[in-house]
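Since the structure comes first, as structure tokens, the remarks are kept for the end.
Since every read-out is calculated from the coordinates, none of them should be taken as a lab result. If you're wondering where the values come from, they're calculated on a predicted model, not measured in any experiment. Every residue, glycine as well, gets a Cβ built from its backbone with ideal geometry; the counts of neighbours run over all protein chains shown.
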Amino acid sequence: MYPARRCSFLHRDLAVFCLSSLGPAAKNQPPPKKLSLPAPRHCHIGGEDGRRGKPQVKSRGSSPVSASSIPVCLMGSSSSSRLFGTLAQTLNSAPLAQQDYDPEQQYSDQDPEGLEQADPDQLLRECEKILQNRPARPHRDLVYPADPKQQHQYRNNEQQQTPSIRVMTWNILAQALGEGKDGFVQCPLDALNWAERKYLILEEILTYRPDILCLQEVDHYYDTFQPIMASLGYHSTFLPKPWSPCLEVASNNGPDGCALFYRRARFGLLHTSHLRLSAMMLPTNQVAIVQTLRCRETGQRLCVAVTHLKARSGWEKLRGAQGADLLQSLKAITSWAAVSDPVSRGPGGGSGTEGVPLIVCGDFNAEPSEDVYRRFISSPLGLDSAYKLLSADGQTEPAYTTWKIRPSGESCSTLDYIWYSHGAFTVDTLLDIPTEEQIGPDRLPSYHYPSDHLSLLCDVSFREPRDQPHRLM
């Protein structure tokens, strides 16, 4: 999504080696059925029973805000920190850390010491107040999958009060890249002003309140997202790119990377892996975070991964190799986690002879026609793409997840995905895709939307035992 940066000799050798095996780049230019429904449990607006209601975006200034609003963590500053850049560059020569797996370890539900907990509803109103001079974000509905079988399973889950898991993935656009490299010719520079854009990002997150949040192109983690999300009850992990292009931009805020957040009240952490993706036996500049979690309500486990693959046309084979490396790592991690935790056996938790269920999120920078997409859809891990379920046939991805105008022209592409283990999970609802009219003629980003990529969100549930394949114990 940005020009290639000046890299180490190792990365240049990799680029030459990869380009020599690449053919000519191919460009592909690739409409879902809406159903009105109340959001499932764990939604965001608090009702009398504490459940979330259907997400709705209000017009700016529609909610009165008390002058004595709660103190909010400062969301970034103009002063840049080079410490994180130095830290990230050390990853270029050192293997990434991997936390030990301990299924018996008990994780405290107490908040981090000294951290004041924020009221998410009041923080959302604070965002609306700050953004009152901007147009409202596009209204998006939670919709049922078009597949009647998925709808039937969702209604069964509702009757059985099976808790759903809300998953959101979003490339939020690194601030340094948006202002200094990406060249969005139809987007006024003032629309990218971090002093307001950060609240527009937070408003989107607070509107939908995911249980699991996977972000890409995060370059304000330590001064913004980590403290804010911690105050809202989330545990988080950040992994920067070894050679982030953000570091080439004057007054940058450090490297960009992937970040994974989950609700501490909902999940306990069993294991974390930080991966630097390889291609043809050589390390690349792309990374992934993989965490194995245990649901506190049911005891079931799941493995969540977030990644951001190599951008730009002409790098299709490299993306395919990165995807193959990630799939191989996921197979090893989920299989090892299953046999390392014999306590958790049963539906959705792995039987000890098969892997823990997976959710893989990210910006793959690849259309469905690319090799990396085919690798994921045909993987022995049993993965499927959630957003195909918006289509009438359940087999077609949305027409776009990103839509932007650069000096090279207009680009409308499907690059972002939520992959899930279809043998272990059902997709209950999805957040629909804004129409072309909602996006507007200047495309993304804009005054009313903070990134060139749309957020994707779905509610998933563990399948009931009778819906899973029979297991021989």
Along Cα→Cβ, 7 Å out, is where each label goes; now give me the distance between the ones at S369 and N133 in nm to one decimal. 4.4
Give me the tail of P(r) for the range 210-272 as a percent: Cα-Cα pairs with distance above 14 Å. 56
In nanometres, what is the gap between the two model label sites at E436 and Q186, each 7 Å from Cα along Cα-to-Cβ? 1.0
With charges set only on the Cβ (+1 for Lys and Arg, -1 for Asp and Glu), what does the dipole of the range 215-339 come to about its Cα centre, in debye to the nearest 20? 500
Among Q300, A288, T237, whose Cα projects farthest towards the positive end of the dipole of the range 200-338, with charges put on the beta-carbon of Lys, Arg (+1) and Asp, Glu (-1)? Q300
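Sort 179-192, 222-235 by packing, meaning the average of other beta carbons within 10 Å per residue, with the highest value first.
Top to bottom by mean Cβ count within 10 Å: 222-235, 179-192.
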Using each residue's phi in the range 421-429, evaluate 6.51 cos²θ - 1.76 cosθ + 1.60 at θ = phi - 60° and report the 3J(HN,Hα) Karplus result to the nearest Hz, with x for Gly and Pro. 6, 6, x, 10, 10, 10, 8, 7, 9
Label points 7 Å out from Cα along the Cβ direction at V339 and E297: separation in nm? 3.3
Total charge dipole magnitude, the range 115-274, about the Cα centre, Cβ charges on Lys, Arg, Asp, Glu only, Debye to nearest 20: 500
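On full extension of the chain, what length is gained from D121 through D393, given 0.36 nm per residue of separation minus the C-alpha to C-alpha distance?
94.1 nm
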Descending packing, highest mean Cβ count within 10 Å first, for 398-411, 416-429 is 416-429, 398-411
Long-range amide H partners of T414, meaning residues 5 or more apart or on another chain whose placed amide H is closer than 5 Å, are T401
